[in-house]
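Chemist: Below you'll find the structure I mean.
All of the numbers you see were taken from the coordinates with simple rules; none came from a lab. Quantities reported herein were computed from a predicted structural model and do not represent experimental measurements. Quick reminder, even Gly has a Cβ in these numbers, built from the backbone with ideal geometry, and neighbours come from all protein chains shown.
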Amino acid sequence: MRLVLTEDLTQEMKLAKAIYDNDNILLNKGVKNLHQYKDRLLELGIDYLYVEDKYSADIELKPVIKEKSRRQGKKVIKKTLDKISEGLSQNDIKELKGLVDEISSQIILNDEVLLNLHSLKRTSEYTYEHSLNVGVISIAIAKILGYSRNDICKIGMGGMLHDTGKKLIPEKILKKPARLTDSEYDIMKNHPQLGFEELQKLETISPLSRTMVFSHHERWDGTGYPRGLKGEETHVFARIAAIADVFDALSSSRVYRDKMPVHKALEYIMHHTETLFDYQIVKKILPKISFYPNGSEVILSTGERGIVKAQNRGFPTRPIIRIIQSSTGKEKDAELDLLKHMNIVIEEVIA
Ligand SMILES: [Fe+2]
């Protein structure tokens, strides 16, 4: 299985993962002649697809959580967040807790050393997918840092609910397809406080999860909001949420910006440790995340084009590449282990 740009679909590609619109299947796994759906898919905001072709048959791509849980998760989060303005009941929270519990189990039991955080999001469903992803990534970070199952669940809950307050921000600011003005940004900056206050009404939510909601925009150097806390003054759970939030926001496409490949988003986080993020957390999690997830299409410094075939444990920037095209554009079939060729680097990620 591999990832391609919808634009680059060709006749010989078969769909490797079904495409859903909520619970309805838009295209079934195994559908052939995908290129005929190209325009329709692009119209629907689906810019990337997982396909099977002669280059990718033995490339395995293990998602962090099961596809079914992802769909179910999005539904539960949508239901929960859409109810914020009328008030949440303990029952709504019970359902969300069940979800966090299930996802935490999957991540705890998944002993893949490298986390594949490649995620595809559609702009129209951004808020819900982002909330789910921040929950999932926070859980994964908590696992790497060695927290107990109980703490992992609290961290997952805080991650899923981190942007609750955005539901109480006027839509015209929230969905503005451009950068916000200063005064609009000031209104937007109220969302941690608004979310925190709303969730305070529900005593079954742990105060630590609520802290993540309140403090996920605090930054290590004190330049964040709402309180401008520095370093360890911000609870470690909220420092985890800050990393998960920024990573997911960068690696997804928004109305005003294309998505950043995983390695660029990770580089951004790396370059901002000690200024924006906690270095100790970043240092521990980086070796466990695939910079170039399996199935990504890449261009090497040799000019060759290839697909990431597998990862080298402990070396997240040096995966094994299946070369499919030579530097002169001729079809090629070879394998290259970047760990054995330290002079060659990945220059560009296409998909
Ligand atoms: Fe936020």
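Chemist: Using the count of nearby Cβ atoms within 10 Å as a rough guide to exposure, how do V246, V345 rank from fewest to most?
Modeler: Starting with the residue having the fewest Cβ neighbours, the order is V345, V246.
Chemist: Would you please give the residues with an amide H less than 5 Å from that of F277, counting only those at least 5 places away or on a separate chain, with H modeled from the backbone geometry?
Modeler: W220
Chemist: What angle, in degrees between 0 and 90 and rounded to the nearest 10, separates the Cα long axis of helix 236-250 from the longest principal axis of the Cα atoms of the chain?
Modeler: Long axis of 236-250 versus the principal axis of the chain: about 50 degrees.
Chemist: Given contacts defined as C-alpha pairs under 8 Å and at least six residues apart, what's the relative contact order of the chain, whole-number percent?
Modeler: Worked out over the chain, it gives 15 percent.
Chemist: Now for a different question. Choose one of V76, T10, I324: the residue whose Cα lies farthest towards the positive end of the charge dipole of the chain (beta-carbon charges +1 Lys, Arg; -1 Asp, Glu; about the Cα centre).
Modeler: Most positive-ward Cα: V76.
Chemist: Could you tell me how many degrees, from 0 to 90 and to the nearest 10, lie between the Cα long axis of helix 90-109 and the main elongation axis, the longest principal axis, of the Cα atoms of the chain?
Modeler: 40
Chemist: Next up: I'd like the GluC sites (Glu not before Pro) in segment 159-205 restricted to DSSP loop residues with at most 13 other Cβ atoms within 10 Å, sorted by number.
Modeler: Sparse-neighbourhood loop GluC sites (Glu not before Pro): E203.
Chemist: What whole-number distance in Å separates the alpha-carbon centres of segment 39-99 and segment 1-32?
Modeler: Comparing the Cα centres of segment 39-99 and segment 1-32, I get a distance of 16 Å.
Chemist: For K332, which sequence-distant residues (separation of 5 or more, or a different chain) have an amide H within less than 5 Å of its own amide H, given hydrogens modelled in the peptide plane?
Modeler: Q325, S326
Chemist: While we're on this one: Compute the Rg/Rh shape ratio of the chain: radius of gyration over Kirkwood radius, all on alpha-carbon atoms.
Modeler: A ratio of 0.97.
Chemist: A further question follows. In segment 258-351, what GluC sites (Glu not before Pro) fall in a loop by DSSP, with at most 14 other Cβ atoms inside 10 Å? Each step should come with its number before you reach the end.
Modeler: Numbers: sites: E267, E274, E297, E304, E331, E335, E347, E348; in loops: E274, E304.
Here the sparse-neighbourhood loop sites are E274.
Chemist: Could I ask something else about it? To the nearest 10 degrees, how steeply does helix 149-160 sit against the main Cα axis of the chain, on a 0 to 90 scale?
Modeler: Tilt of helix 149-160: around 90 degrees.
Chemist: I've got another one for you. Just rank T10, T80, T204, fewest to most, by other beta-carbon atoms within 10 angstrom.
Modeler: Values: T10 12, T80 21, T204 9.
Lowest count first: T204, T10, T80.
Chemist: Please get the size of the charge dipole for segment 262-309, origin at its Cα centre, with Cβ charges of +1 on Lys and Arg and -1 on Asp and Glu, quoted in debye to the nearest 20. Don't skip to the answer; put the middle values down first.
Modeler: Working: 6 positive and 5 negative charges, 36 e Å.
For this selection, approximately 180 debye.
Chemist: Separate question: Arrange M13, M160, M1, M270 by Cβ neighbour counts within 10 Å, fewest through most, would you?
Modeler: Fewest-to-most ranking of M13, M160, M1, M270: M270, M1, M13, M160.
Chemist: From the phi angles alone, apply the Karplus equation (6.51, -1.76, 1.60; θ = phi - 60°) to segment 127-132 and give each ³J(HN,Hα) in whole Hz, x where the residue is Gly or Pro.
Modeler: Karplus-based 3J(HN,Hα) across segment 127-132 equals 4, 6, 5, 5, 4, 4 Hz.
Chemist: I've got another one for you. About the Cα centre of segment 280-335, what is the dipole size in debye to 20, counting +1 per Lys and Arg Cβ and -1 per Asp and Glu Cβ, all else neutral?
Modeler: For segment 280-335, the charge dipole is close to 380 debye.
Chemist: On to the next question. For the chain, what is the calculated [θ] at 222 nm in deg cm²/dmol (nearest 500), taking -39500 (n - 2.57) for each run of four or more DSSP H residues and dividing by its residue count?
Modeler: Rounded to the nearest 500, it is -11500 deg cm²/dmol.
Chemist: Now for a separate question. Amide H neighbours of L27 under 5 Å, at least 5 residues apart or on other chains, H built in the peptide plane: list them.
Modeler: Long-range HN contacts for L27: I19.
Chemist: Which of the peptides 220-227, 237-244 is most tightly packed, and how do the rest follow, judged by the mean count of other Cβ atoms within 10 Å per residue?
Modeler: Details: 220-227: 16.5, 237-244: 26.0.
The packing order, highest mean first, is 237-244, 220-227.
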